[in-house]
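A quick write-up on the structure given underneath.
The values are calculated or read from the model by the stated rules, or taken from the named source; none is laboratory data. Quick caveat, the model's predicted, so the values are computed rather than measured. Virtual Cβ from ideal backbone geometry, glycine too; neighbours counted across all protein chains shown.
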């Protein structure tokens, strides 16, 4: 269960800078404050896939970075299975898994070494870690390449290693940031199946994507961000109803104010 | 807390040891490349020196008949070969083209004037731009021999026949030197500046690549963000990474020393003064070596913290490399200052970071360390290193640094 409460994050905007020394000083001084995420609240239950949608620059990555504790919220907070993000970020990290399109693997380590590393960082005991690794390697069909160095693996293999890293500590809440970007059809399908299996295991899934067919297939509810603000929250049907569009792409565009809408606004 | 730092440390060590570039900078360069280049340099210098001393010098003489004794002296010496050149202008060109090495112009009636107790000036034309040239010295030696003979004849004609009396007349007061420095101090003064220079440079060079890889490299590969999501404090991540960079710097410096040590041991065997140098080296006892090694710790720590901070700030490997390049000067300039003969360790220089370490190592090699100063240098260096490490941990906690756009 994830509860996001009026979460905000602002940055200093870098304006047009002058040349030379003046430009350098302007760079240090910083510019106007702007909100990348502004007062966003929503809730995702266990066994639910929540789609996080929005155009580029809407604040999705900033929101995910806050929820994953990489960035500290300026205002508001979030609770993961009751644990507060601000008060206890280390405990939150034990409960979450994060998977992005960037596999983020250590090329000079083998898959086994890398997963072991993350398992140890999560404080897992040796025997429990070994059992969990065997389980994941079997489920993800990784046994053939777990002892090969990551930089020698194919994209699909790398994505599997990345998934194993995300799941090694059995997180309750898993966040996916455009996980199918750059993958071929088969690899993307494997990821989508995996996301579905997470839901079936009762995990809370936050799924950020630009592909509406993936949203339609997987998401129970969606949250749409635009320019840092929450502009829609509800189910797929409610999204269609509010925008007055049957096609989800058009419904999305209408809700962010870029397309025809009968009811949006 | 310590366990997680150790987990990060061991993982990073494993990774950098699998990286060819790190191994080149950390192991191959100090143990193979630098001793090899030094060996080539030393061999080249010895060869050049030997050649300058023994090569046959072709020369031209104008007015040879004016002083036959001089021509006889050159003719007796097989390392000189007289050639015919028509004019002084041609001689100048020949010197420039390296056909002859020098030309002499002997004034008219030189022999008669010398016999009449007059002084003559022999003009020497040679290429004085060459740093390794020994032409002037070698020609001067021959002319001096002729001059000495004339001087002896003149003194003999005055009734001063014995060479001892002649010497007493020419030099009534002489200096008899008694240097108070022992051989260790002399060796330390001449070679002692070079060793800390190598220490410092390799502390920096060995640490540089791992620092870039562990900071900007991890950012670029996208692994930093996943590491930040693990349940480990950012300060623990920094400490783990810092220890790896520190280890690389110290290892590189120690390996460079080992490499140079082996080279010197081989070279020392090739020179006759082997026993004496062996005695000097053996006079540097284990306590001195440990004190020298203790100076390496804050040096490597300072560089590791500094390089890691710069690397974390950079967005890419390339950007980090461009920042770290100029940082080399932070190591080279203070280290070079300490090599200058006019710079001695005093309380003023003891307050200058890096230079003070370099000077202290030099004093330790010489065996003339002021231990109050040693403690002050070591203490202040540790404080600076701790300050830089503290800055690095705080720097690593800044979102604007970690997620710099």
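A few remarks follow.
- The one condition in (1) more than 9 Å from chain B (Cβ to nearest Cβ); (2) at pLDDT 90 or above that residue A:93 fails to fulfil: (1)
- The lone exception for residue B:1 - which of (1) surrounded by 17 or more Cβ atoms within 10 Å (Cβ to Cβ); (2) at pLDDT below 85 it fails: (1)
- Checking each residue in segment B:392-405 for being surrounded by 14 or more Cβ atoms within 10 Å (Cβ to Cβ) and part of a helix (DSSP H, G or I) picks out B:392, B:393, B:394, B:395, B:396, B:401, B:402.
- For segment A:228-244, a tally of residues being within 18 Å of the chain's Cα centre (by Cα) and surrounded by fewer than 18 Cβ atoms within 10 Å (Cβ to Cβ) returns 2.
- Residue check for residue A:167: within 23 Å of residue B:226 (Cβ to Cβ), within 14 Å of chain B (Cβ to nearest Cβ) and surrounded by 14 or more Cβ atoms within 10 Å (Cβ to Cβ): yes
- Counting only helices (runs of 4 or more DSSP H) that sit completely within segment B:1-70, those holding 1 or more residues that are away from chain A (no Cβ under 14 Å) and touching a residue at least 12 places away in the same chain (Cβ under 8 Å) correspond to B:34-54.
- Segment A:60-80 residues that are within 11 Å of another protein chain (Cβ to nearest Cβ) and at positive phi, paired with ones that are modelled with pLDDT of 90 or more and in a strand (DSSP E or B) (beta carbon under 9 Å, 6 or more apart): A:69/A:96
- Those residues of segment A:120-135 which are at the interface with chain B (Cβ under 10 Å from one of its Cβ atoms) and either touching a residue at least 60 places away in the same chain (Cβ under 8 Å) or assigned to a helix (DSSP H, G or I) (or both), in sequence order: A:120, A:121
- Condition met for residue B:222 (within 14 Å of chain A (Cβ to nearest Cβ) and in contact with a strand residue (DSSP E or B) (Cβ under 8 Å, 6 or more places away or on another chain)): yes
- Within segment B:225-245, being farther than 17 Å from residue B:395 by Cα and within 8 Å of chain A (Cβ to nearest Cβ) holds for B:226, B:229, B:230, B:231.
- Here residue A:99 passes the criteria (1) in a strand (DSSP E or B); (2) under 30 Å from residue B:17 (Cβ atoms); (3) more than 12 Å from every other protein chain (Cβ to nearest Cβ) except the one numbered (3).
- Residue match in segment B:341-351 (condition: over 16 Å from residue B:216 (Cα atoms), crowded, with 20+ Cβ neighbours inside 10 Å and assigned by TED's automatic domain parsing to the domain that holds residue B:368): yes
- Tally, over segment A:111-135, of residues that are within 23 Å of residue B:8 (Cα to Cα) and within 25 Å of the chain's Cα centre (by Cα): 17
- Among the residues of this structure, residue A:85 counts as one that is crowded, with 21+ Cβ neighbours inside 10 Å, away from chain B (no Cβ under 12 Å) and under 26 Å from residue B:219 (Cβ atoms).
- Of all residues making up segment A:137-149, the number that are outside any loop (DSSP other than H, G, I, E, B) and under 20 Å from residue A:186 (Cβ atoms): 3
- From the list B:383, B:365, the one residue that fits, being under 23 Å from the mean Cα position of the chain (by Cα), more than 16 Å from residue B:242 (Cβ to Cβ) and in a helix (DSSP H, G or I), is B:365.
- Test result for residue A:106, within 12 Å of chain B (Cβ to nearest Cβ), buried (at least 21 other Cβ atoms within 10 Å of the Cβ), over 17 Å from the mean Cα position of the chain (by Cα) and not in a helix (DSSP H, G or I): yes
- Where residue B:220 falls short, out of the listed (1) under 22 Å from the mean Cα position of the chain (by Cα); (2) more than 12 Å from residue B:304 (Cα to Cα): (1)
- Hey, residue B:372 exposed (fewer than 15 other Cβ atoms within 10 Å of the Cβ) and within 14 Å of chain A (Cβ to nearest Cβ) or not: no
- Evaluating residue A:117 against the criteria (1) closer than 19 Å to residue A:197 by Cβ; (2) in contact with a helix residue (DSSP H, G or I) (Cβ under 6 Å, 6 or more places away or on another chain); (3) within 14 Å of chain B (Cβ to nearest Cβ) leaves one unmet condition, (1).
Residue-by-condition table, conditions (1) touching a helix residue (DSSP H, G or I) at 6+ places or on another chain (Cβ under 9 Å); (2) modelled with pLDDT under 90:
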site	(1), (2)
A:10	no, yes
A:22	no, yes
A:26	no, yes
A:38	no, no
A:97	yes, no
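- Number of the exception - residue B:101 against (1) in contact with a strand residue (DSSP E or B) (Cβ under 8 Å, 6 or more places away or on another chain); (2) surrounded by fewer than 18 Cβ atoms within 10 Å (Cβ to Cβ); (3) more than 23 Å from residue B:148 (Cβ to Cβ): (2)
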